[in-house]
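Shown next, in structure tokens, is the structure this report addresses.
The values are calculated or read from the model by the stated rules, or taken from the named source; none is laboratory data. Note that the structure is a prediction, hence the values are computed from the model and not measured. Heads up, the Cβs are rebuilt from the backbone with ideal geometry, glycines too, and the neighbour counts pull from every protein chain shown. Only protein heavy atoms, including side chains, enter the accessible area calculation; ligands, DNA and RNA are left aside. Shrake-Rupley method; radii C 1.70, N 1.55, O 1.52, S 1.80 Å.
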Amino acid sequence: MSRYTRWAQREHSFGVRIAASLFAGVLFVILLPLVIVWGGPLLDRSLGLQGFRVGAVNYVLGGFLVLVGLFLGLWSVFAQLTRGRGTPLPMLPTQELLTGGPFRYCRNPMTLGTILAYLGIGVIAGTAAGIGLVIGFGSLLLLYLRRVEERELAERFGEAYLQYRREVPFLI
């Protein structure tokens, strides 16, 4: 039995789930975007990369990506906290396999939303290195989902998850 399966054996109260999600939210909603906004331009300068500024296009395209990403991400977290009775965190996983809501269209809508929102932030900031950081972070996150989380979900939910995996795309 994997450690993830052991973690899933205990259901946590709604308050604990909210507190854990808020703690993780500080990292994903505040700290990582700051790395893109501040660290991206610093990396651009130190690597000799040109930032890209197209005026209003940066704000319109970037804002659209951020809004779509936030919508998908928050919808996914809400579903995990309520219907799934868990969190996005592996230590407090959902108690039910979520196949409705945003999970009806994509097996990893929170990840898709996160990547879109961070790309939007990079576009608004006009930083090539920031976009590179998002692509690197997103790639690592997707690798984790493929290698670790999918195996854990198959172990926990069995044929129900395998059927869901056959029917719903991984990301897009």
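Scanning for something open to solvent by less than 40 Å² (accessible area, probe 1.4 Å) and either in contact with a strand residue (DSSP E or B) (Cβ under 8 Å, 6 or more places away or on another chain) or free of Cβ contacts under 8 Å to residues at least 24 places away in the same chain (or both), does the range 60-71 turn up at least one residue?
Start the filter on the range 60-71 by keeping residues that are open to solvent by less than 40 Å² (accessible area, probe 1.4 Å), which leaves 62-63, 65-66, 69.
With the extra rule that they be either in contact with a strand residue (DSSP E or B) (Cβ under 8 Å, 6 or more places away or on another chain) or free of Cβ contacts under 8 Å to residues at least 24 places away in the same chain (or both), the set shrinks to none.
No: zero hits.
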Query raised in the report: Which pairs have Cβ atoms under 6 Å, sit 6 or more apart or on different chains, and link a residue in the range 18-37 that is over 15 Å from Gly122 (Cβ atoms) to one that is open to solvent by less than 80 Å² (accessible area, probe 1.4 Å)?
Result: Ala20/Thr87; Ala20/Leu89; Ala20/Leu92; Ser21/Thr87; Ala24/Leu89
Requested in this report: Restrict the check to the range 119-133 and report whether at least one residue is free of Cβ contacts under 8 Å to residues at least 60 places away in the same chain, in contact with a Gly (Cβ under 7 Å, 6 or more places away or on another chain) and part of a helix (DSSP H, G or I).
Outcome: yes
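Ser76 - would you say it is closer than 27 Å to Arg151 by Cα, modelled with pLDDT of 95 or more and either in a helix (DSSP H, G or I) or open to solvent by 80 Å² or more (accessible area, probe 1.4 Å) (or both)?
On the way: closer than 27 Å to Arg151 by Cα: yes; modelled with pLDDT of 95 or more: yes; either in a helix (DSSP H, G or I) or open to solvent by 80 Å² or more (accessible area, probe 1.4 Å) (or both): yes.
Against the criterion (closer than 27 Å to Arg151 by Cα, modelled with pLDDT of 95 or more and either in a helix (DSSP H, G or I) or open to solvent by 80 Å² or more (accessible area, probe 1.4 Å) (or both)), Ser76 qualifies.
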Report task. Would you check which residues across the range 94-108 are part of a loop (DSSP other than H, G, I, E, B), over 15 Å from Ser13 (Cβ atoms) and touching a helix residue (DSSP H, G or I) at 6+ places or on another chain (Cβ under 8 Å) and list them? Result -> Leu97, Leu98, Thr99, Gly100, Cys106, Arg107, Asn108
